[in-house]
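What follows is a short report on a single structure.
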Amino acid sequence: MTSSAYAQGRRALVIHEDDVGMTHGSNVAFAELSARGVVSSGSVMAPCPWFPETLAMAAADPSLDLGVHLTLNAEKQLYKWRPLTHPPASAGLTDEFGYFWEDVSSVRRKAAPEAVEAELRAQIDAAIAGGIDVTHLDAHCGAVMSPEFLDIYRRLGEDYDLPIVLMRRFEGGNPRSPGRPAIPDPLVEAAEQAAAAGEPVFDLFYETPWDRKAEAAGVYRDILASAVDGLSFYAFHFNAPGDFEAVEPEFARYRTDEYALFSSGQIEPVLAALGIELIGMREIRDRRRELRRQR
């Protein structure tokens, strides 16, 4: 099945905020930009310090479209989070201080799959128990999309009856080494299998360009213009100013610049001129469930 069952003739775009709950500023940005109508979905990191605030926001505004940003690493040097499951060191989920590993490669080498699955189920369960109407699952830093854990990712989608974010094409993000594929073969295969089974698969996935040099308005205008006819997913990292500058001084501007631009009123006319219609993950979840009932 192509994405047309979900796009339904539209140039449909999910503008998504990753890392909700990582900081207070990420929560502020998600609430404000959702209310403006320029963000249509987000996903929360249950192990992070500002997760309780996200739960309070969702309780106050049930219209917020929130999935779970499945988290297996804590990539910031001086700002960390731990697994919810309090695993022993033998589970391989944590460094010598009990925090998640900093990099995905360490998770892939050391984490026991059964410990990974238990932790990710605990994160989803925490969001549901906290009152979030979970709309989807996606992957922080792509960790659970790794070949070692990809079956777990797919199984979680089935068991919780939720769409998982899979894609046919990936753009943006961190610069890649020459010759390194944007999407590993196992992930390509998983996306095609999912599409054949009637699951939503994004024709284009675009991540925050972490190496942006040019002025933000022009760069993001071009990014929005690249949305395909069909289903696109843009994973941005909005953060209101005031806290991320301490977390990651060198890279905070990418997040705060995104927030400033999308809160400025400049994005709405661009979307209208391009004929792009925003779609939320709740709509995709509900459409997926409807199609599954019909089969």
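General remarks:
- Tally, over segment 224-242, of residues that are buried (at least 18 other Cβ atoms within 10 Å of the Cβ) and either farther than 17 Å from Gly275 by Cβ or among the hydrophobic types (A, V, I, L, M, F, W, C) (or both): 10
- Qualifying residue in segment 31-39 (condition: touching a residue at least 40 places away in the same chain (Cβ under 8 Å) and open to solvent by 60 Å² or more (accessible area, probe 1.4 Å)): yes
- Glu277 in contact with a Lys or Arg (Cβ under 7 Å, 6 or more places away or on another chain) and closer than 18 Å to Leu204 by Cβ: yes
- Residues satisfying the stated conditions in segment 123-132, i.e. in contact (Cβ under 8 Å) with a residue 60 or more places away in the chain and not β-branched (Val, Ile, Thr): Gln123, Ala126, Ala127, Gly130, Gly131
- Check on Ala115, free of Cβ contacts under 8 Å to residues at least 40 places away in the same chain, in contact with a Leu (Cβ under 9 Å, 6 or more places away or on another chain) and either open to solvent by less than 60 Å² (accessible area, probe 1.4 Å) or not in a loop (DSSP other than H, G, I, E, B) (or both): yes
- Flag for Ile124 being farther than 26 Å from Glu248 by Cα, in contact with an Asp or Glu (Cβ under 8 Å, 6 or more places away or on another chain) and buried (at least 17 other Cβ atoms within 10 Å of the Cβ): no
- Identity of the residue in segment 232-274, of a type in the set (Val, Ile, Thr) and under 22 Å from Ala74 (Cβ atoms), that ends up nearest to the chain's Cα centre (by Cα): Thr256
- Pairs with Cβ under 7 Å, 6+ apart, first in segment 65-78 and free of Cβ contacts under 8 Å to residues at least 40 places away in the same chain, second hydrophobic (A, V, I, L, M, F, W, C): Ala74/Trp81; Ala74/Phe100
- Test: residue in segment 273-286 that is over 19 Å from Glu32 (Cα atoms), in contact with a Phe, Trp or Tyr (Cβ under 8 Å, 6 or more places away or on another chain), part of a loop (DSSP other than H, G, I, E, B) and not charged (D, E, K, R): no
- From the options Leu64, Leu13, residue that is modelled with pLDDT of 95 or more, part of a loop (DSSP other than H, G, I, E, B), closer than 22 Å to Phe233 by Cα and open to solvent by less than 30 Å² (accessible area, probe 1.4 Å): Leu64
- Residue in segment 93-112 that is nearest to Pro49 (Cα to Cα), counting only those that are touching a strand residue (DSSP E or B) at 6+ places or on another chain (Cβ under 9 Å) and outside any helix (DSSP H, G or I): Phe100
The values are calculated or read from the model by the stated rules, or taken from the named source; none is laboratory data. If you're wondering where the values come from, they're calculated on a predicted model, not measured in any experiment. Here the Cβ is made from the backbone with ideal geometry for all residues, glycine too, and neighbour counts use every protein chain on show. In case anyone asks, the SASA skips ligands and DNA or RNA and just uses the protein heavy atoms, side chains included. Shrake-Rupley method; radii C 1.70, N 1.55, O 1.52, S 1.80 Å.
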